[in-house]
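Engineer: Here it is, the structure, as structure tokens.
The values are calculated or read from the model by the stated rules, or taken from the named source; none is laboratory data. In this text the structure is predicted, and so the values were computed from the model without any measurement. When we count neighbours, we look across all protein chains shown, and the Cβ atoms used for this are built from the backbone with ideal geometry, even at glycine. Calculation scope for accessible area: heavy atoms of the full protein, side chains included, ligands and nucleic acids excluded. Shrake-Rupley method; radii C 1.70, N 1.55, O 1.52, S 1.80 Å.
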Amino acid sequence: MVNSNTNDSASPASPQSLSDKEHVSQIEDGGKQVATQTLFNADVDVSGIDERKLMRKVDMRTIPWLAFLYLLAFLDRTSIGNAKLYSMEADLHLTDTQYLLALTLFFISYAIFEVPSNVILKRLRPSIWLSTLMVLWGITMTVQGLISDFNGLMAMRWLLGMFEAGLFPGVTYYLSCWYKRTEFGIRIAIFFSAATISGAFGGLLAAAISDMNGIGGKAAWAWIFIIEGLATVVAGVISFWVIVDFPDDARFLSDAERTVVIRRLQGDDQFSACWRASQVEKRGVEYDRLEDVFIHYCILWNRHALVCIRVVLAEYHFPGYKATTANLLTVPVYVAACIVTCTIGFLADRYGNRGTFGFGCLCVAAVGYIILISSRNAALSYFAVYLAACGIYPGIPNSAAWVANNVEGSYKRSVSLAMVISVGNIQGAISSNVYRANQTPWYPMGHGLVLMYICFGLISTIAMKFMLKAENARRDRGERDEVIEGYDGGLEVNGRFESVAEAKREKGDRWSGYRYTL
């Protein structure tokens with residue numbers, strides 16, 4: 001628990017070396033550091049706060065509802081695949097190319113608006129921005145059930161992508177503002193596992209709604225859009241009161257509890273947790289320096305993951321099965337993927353080495369796709385889909401957690417996450433066009449492309465772990481040390497600062513005392 005107070009009356013200490021700066025953020029007495037170290041609400045007594053009980057309280061107010069919202073988002077996003085099974089193409093007189101264009105357009109608007117949405121989220125309260133987005137995409141989803149032609153479908157898919165764009169990157173960033181780096185993985189895994197639950201639940205729901213075929217003159221596919229859209233609107237309205245804001249504004253916590261939450265983040269080298277608006281704005285303009293290879297790798301990983309998982313599980317069918325049966329076959333696959341996703345999130349938090357766990361997930365997925373490419377047996381291919389889902393689904397939240405763990409600075413982390421997820425999602429436009437109807441049911445070209453991305457991911461994982469480890473070693477040797485007044489050592493090329501606190505604030509994760517998560 002971060003509950004000690006800075007001793008403002010301490011006498012100046014003699015200059016000290018920065019060679020052990022990995023632990024310098026814990027220094028609270030001596031020298032210049034005492035006068036400049038910022039402890040959030042230093043005058044607040046937090047001795048009576050049970051940290052573990054507090055974080056359980058935070059968990060219950062954040063994770064369940066956000067996961068439910070993501071479940072609805074994924075239901076709405078993938079419902080077009082279920083609608084296709086119930087004669088949407090025939091009723092709207094769509095060609096295969098037009099259907100694929102509708103899928104493609106969603107990912108284009110989705111990718112375009114992710115970064116702007118995260119910027120707006122930082123400026124507004126999450127309870128306002130996320131709730132507004134939900135209401136808007138729920139209305140769009142409902143109207144999608146009232147369309148009668150291709151043009152209407154295209155317009156609704158564009159709007160749906162635009163409004164849904166803010167949820168996943170927004171919640172990923174939002175949760176990173178509440179939890180330490182060693183706690184974040186399991187939370188984002190639980191949140192993302194709602195996508196797997198929606199896959200299972202979506203098939204069952206579509207099968208149930210299909211019985212409404214003909215009611216009110218609407219086909220089953222239209223009722224799928226209308227029912228799911230109305231549910232989203234209701235959830236969006238409720239969210240205005242249920243979603244809590246960032247830690248320093250969270251009304252469900254007492255002043256002492258808010259103080260503990262933010263001090264925990266400070267102790268985890270998330271020093272931007274206590275910045276005021278003016279400081280955040282100053283650092284926020286520096287996101288254009290995200291040339292790190294790490295970001296590029298995560299873009300690549302998200303790309304291959306999002307290329308394959310939606311298509312393999314939403315469009316893969318077995319010869320002779322009817323629509324409802326095909327939907328029900330996906331249920332156990334998604335359940336298995338949900339369990340594995342949460343398990344990997346827990347283990348990666350506990351043991352670290354997110355890259356190693358990610359590498360293992362990619363290997364499992366690779367085996368699955370090799371089988372899918374070579375097999376012409378429905379049962380064997382069905383088993384391979386389990387491997388593919390259990391390899392790829394955990395990789396998405398794991399890579400998002402890896403990005404969040406290795407980017408410090410409020411705006412920088414917000415925009416970085418949005419950029420990574422955005423560039424990954426644009427690959428959905430590619431996946432929408434490589435799984436063609438003329439290659440059903442085995443889809444060799446689509447599976448081959450996914451396997452190629454998996455191979456890129458494996459190579460990039462190894463390279464990224466090596467680079468991060470090498471950079472941490474340079475910092476251990478003092479090669480990145482800044483010149484700090486009151487301390488011996490440091491190199492001018494790394495910058496000169498009045499205090500360690502100033503160096504942290506100005507450099508973020510490029511501060512020499514910051515260590516990257518491997």
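Engineer: Return the residue satisfying two criteria in turn: it lies in segment 485-518 and is of a type in the set (Lys, Arg) and either part of a loop (DSSP other than H, G, I, E, B) or without any contact (Cβ under 8 Å) to a residue 40 or more places away in the chain (or both), and of such residues it is most open to solvent (accessible area, probe 1.4 Å). Talk me through it step by step, then tell me what you get.
Structural biologist: Here is the first cut: in segment 485-518, the ones of a type in the set (Lys, Arg) are 496, 504-505, 507, 510, 515.
Of the ones still in play, those that are also either part of a loop (DSSP other than H, G, I, E, B) or without any contact (Cβ under 8 Å) to a residue 40 or more places away in the chain (or both) are 496, 507, 510, 515.
On the way: Arg496: 133, Lys507: 36, Arg510: 66, Arg515: 34 Å².
So, considering only residues that are of a type in the set (Lys, Arg) and either part of a loop (DSSP other than H, G, I, E, B) or without any contact (Cβ under 8 Å) to a residue 40 or more places away in the chain (or both), the one most open to solvent (accessible area, probe 1.4 Å) is Arg496.
Engineer: Ok, one more. Do the conditions hold for Glu164, that is, is it at pLDDT 90 or above and under 24 Å from Phe252 (Cβ atoms)?
Structural biologist: Numbers: at pLDDT 90 or above: yes; under 24 Å from Phe252 (Cβ atoms): no.
So Glu164 fails the test.
Engineer: Mind telling me which of the residues Ile227, Ile190 ends up being within 27 Å of Gly391 (Cα to Cα) and touching a residue at least 12 places away in the same chain (Cβ under 8 Å)?
Structural biologist: Working: Ile227 fails: within 27 Å of Gly391 (Cα to Cα).
Criteria check complete, one pass: Ile190.
Engineer: Given the criterion polar (S, T, N, Q) and open to solvent by 50 Å² or more (accessible area, probe 1.4 Å), identify the matching residue among Thr142, Thr182, Thr132.
Structural biologist: Residue meeting the stated conditions: Thr182.
Engineer: Right, another one. So in segment 460-483, with the set limited to residues that are among the aliphatic types (A, V, I, L, M) and out of contact with any Asp or Glu (no Cβ under 8 Å at 6 or more places or on another chain), which one is farthest from Thr356 (Cα to Cα)?
Structural biologist: As a first pass, look at segment 460-483 and keep what is among the aliphatic types (A, V, I, L, M): 462-464, 467-468, 470, 473, 483.
So of that shortlist, the ones also out of contact with any Asp or Glu (no Cβ under 8 Å at 6 or more places or on another chain) come out as 462-464, 467-468, 470, 473.
Working: Ile462: 9, Ala463: 12, Met464: 11, Met467: 14, Leu468: 13, Ala470: 16, Ala473: 18 Å.
Here the residue is Ala473.
Engineer: Here is a check on your reading of the model: is Gly368 at positive phi and of a type outside the set (Ser, Thr, Tyr)?
Structural biologist: Working: at positive phi: no; of a type outside the set (Ser, Thr, Tyr): yes.
So Gly368 does not fit the description; no.
Engineer: Taking Ile120 as meeting all but one of (1) in contact with a helix residue (DSSP H, G or I) (Cβ under 7 Å, 6 or more places away or on another chain); (2) open to solvent by less than 50 Å² (accessible area, probe 1.4 Å), write down the number of the exception.
Structural biologist: For Ile120, the failing item is (2).
Engineer: Of the residues that sit in segment 459-484 and are in contact with a helix residue (DSSP H, G or I) (Cβ under 8 Å, 6 or more places away or on another chain) and under 30 Å from Cys363 (Cα atoms), which one is surrounded by the fewest Cβ atoms within 10 Å (Cβ to Cβ)?
Structural biologist: Out of the qualifying residues, it is Ile462.
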